[in-house]
Amino acid sequence: MNAADLAVKSLGECRIASPLHDRVANRRTTAHYVAEEDRVLFHDTTALVREAGVGLEDLPGFEPAGPRRKIFFEPAKTRVGIVTCGGLCPGINDVIRGLVMELSFHYEVPRIVGFRNGYQGFIPAYGHDVVDLAPKVVSDIDELGGTILGTSRGSQDPDEIVDCLERMHISVLFVIGGDGTLRGAMQIARIIEERGLKIAVVGVPKTIDNDIPYIDQSFGFQTAFAEATASIRAAHVEAKAAPNGVGLVKLMGRHSGFIACYASLAEPDANYVLIPEVPFSLDGPGGFLAHLLDRVRSRGHAVIVVAEGAGQHLCGSGGDARDASGNRRLDDVGLFLRQRIAEHFAAAGTEVNLKYIDPSYLIRSVASNAFDSVYCLRLAQNAVHAAMAGRTECVVGRWHGRFVHIPMSLTVSHRNEVAPDGDLWLAVLEATGQPRTFGT
């Protein structure tokens, strides 16, 4: 990673005095604030800084987020669009509300429109209307789960999307979505640049799985794993209430096991946590099933938490079917494990009372908790500051506790995953007492 990798695109020189100028004019970097001319270092340990092998001025760092003294867009002549795409996640409505409130009350932008049902909302053939977003429209939406704008999956023609932005004289587009959505936003920004237009495209990254890289944490994640704890608690109660009880909980996590890990640490009744990043074997003396059988025979019960993407190499179909977002359709590892556990116990002549819980849609559809509400609001405020200052093809996020601007290309470069040799997975192993590996 070098300084050029972290550079954020700009539409041009900022020449207009910001409405927030007086609030930031004399601020300098402190432990609680980063001045706009400063940088937030990419590395946070002396060893990593030393490995970078460059001088202080050349150390890679992110551009700090926050209000600028001067801005690119003249607020009174600025029109803004907002779109939400992909799967649901706690906090989307909080972000929408935060964007509208900041734009309306602090920048006094005259018109903000929401595009319905994801990128479909820009395409005339779908016939979706737009919704005018004023403070009175969004004042209470933070109490609701989901998104008031609706959502959809799948790509749309970026040329048609930019045609729509031109017709509606949109100067700023805020995109709330995950990696597929952000890839689409990059295509939109590319067409905008090719046409020589001055339209900012700024993202607020959304993923309930917490798998977008170069941000400390995605919004909605804390709410998600907090909600998931109720299912682990229920599985534990059910398992202890029956002879040889086994509670099996499947949680979200296609490629990354963060929800399974954090929920199991928050409700430390899980005896096994299975995640995509750590392969495991079912059969044989060192396999998962043998260990589970021994555990139930000796302790009388067990609780298993499995991320939806775990164990796909065991499920058997190996198909390559894709959903509208291009993600490979997963086999249901929860149902697969339920069947294999029942078969293994039956073959061993041991009774098992297995309860299976899949709370996925219950989790992603809830309103955000207090932590995520604050986080969503601050992300929205910083997204507005970035866009009004002419930043484009970037997202806002938090890195080492500081809010920063991140190039979109970085956020789609790979997935954030639980490191098998990292401190999070070590904490899970300590909490569950499970072996480091199962037969692998």
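Every number here is computed from the coordinates shown, using simple stated rules; none is lab data. Quantities reported herein were computed from a predicted structural model and do not represent experimental measurements. Reconstructed Cβ throughout: ideal geometry from the backbone, glycine too, with neighbour counts over all protein chains shown.
A few points about this structure:
- For segment 11-59, applying the loop criterion from DSSP together with a ceiling of 13 other beta carbons within 10 Å to the trypsin sites (Lys or Arg not before Pro) yields ARG15, ARG28.
- Qualifying GluC sites (Glu not before Pro) for segment 1-62 [loop in DSSP, other Cβ within 10 Å: at most 16]: GLU13, GLU37
- ASP157/ARG50 FRET efficiency (R0 45 Å; Cβ-Cβ; nearest 0.05): 0.40
- The C-alpha atoms of the chain define a longest principal axis, and helix 423-432 lies at about 30 degrees to it.
- Cα-based shape type of segment 223-366, given that a ≥ b ≥ c are square roots of the gyration tensor eigenvalues and the cut on a/c is 1.5: oblate
- Backbone HN-Hα couplings from phi across segment 405-420 [Karplus 6.51/-1.76/1.60, Hz, Gly and Pro as x]: 9, 10, x, 4, 4, 5, 6, 10, 6, 6, 9, 6, 9, 5, 7, x
- Rounded to 10°, Cα long-axis angle of helix 92-101 versus longest principal axis of the chain: 20
- For LYS77 and GLU194, the FRET efficiency from 1/(1 + (r/R0)^6), where r spans their Cβ atoms and R0 equals 22 Å, is about 0.40.
- About the centre of its Cα atoms, segment 244-369 shows a dipole size close to 100 debye [charges on the beta carbon of Lys, Arg (+1) and Asp, Glu (-1) only; nearest 20 debye].
- Amide hydrogen proximity for VAL204: with H placed 1.01 Å from N in the peptide plane, the residues at 5 or more positions away or on another chain lying under 5 Å are VAL175, ILE176, GLY177.
- When the charge dipole of the chain is built from unit charges on Cβ atoms (+1 for Lys and Arg, -1 for Asp and Glu) and taken about the Cα centre, the candidate among VAL202, ALA241, GLN187 whose Cα reaches farthest toward its positive end is VAL202.
- Helical content alone sets the calculated 222 nm signal of the chain at -10000 deg cm²/dmol, taking -39,500 (n - 2.57) per DSSP H segment of four or more residues and averaging over every residue.
- Distance from segment 363-440 to segment 1-33 (C-alpha centre basis), Å: 22
- Degrees separating the helix 333-347 axis from the principal Cα axis of the chain, which is the longest one: 10
- Reachable aspartates and glutamates, given that their alpha-carbon falls under 17 Å from the alpha-carbon of LYS206 and they are not under 8 places away in the same chain: ASP94, ASP142, ASP179, ASP216, ASP372, GLU393, GLU417
- The slack in the chain from HIS43 to HIS21, taken as 0.36 nm per residue of separation less the alpha-carbon distance, amounts to 4.9 nm.
- Placing dummy labels 7 Å off each Cα toward the beta-carbon, the span from LYS70 to ASP129 is 4.3 nm.
- Cleavage-rule hits, GluC sites (Glu not before Pro), segment 83-143, DSSP coil, Cβ neighbours within 10 Å at most 14: GLU108
- Distance from the Cα centroid of segment 177-230 to that of segment 260-282 is 26 Å (rounded to whole angstrom).
- Secondary structure note: in the chain, about 35% of the DSSP beta bridges are antiparallel.
- Long-range amide H partners of HIS128 with built H, under 5 Å: none
- Packing-based exposure ordering (other Cβ within 10 Å, fewest first) of MET388, MET252: MET252, MET388
- A Förster distance of 30 Å, applied to the separation of the beta-carbon atoms of ASP332 and VAL137, puts the FRET efficiency at 0.15.
- DSSP assigns beta bridges within segment 192-339; of those with both partners inside it, close to 10 percent run antiparallel.
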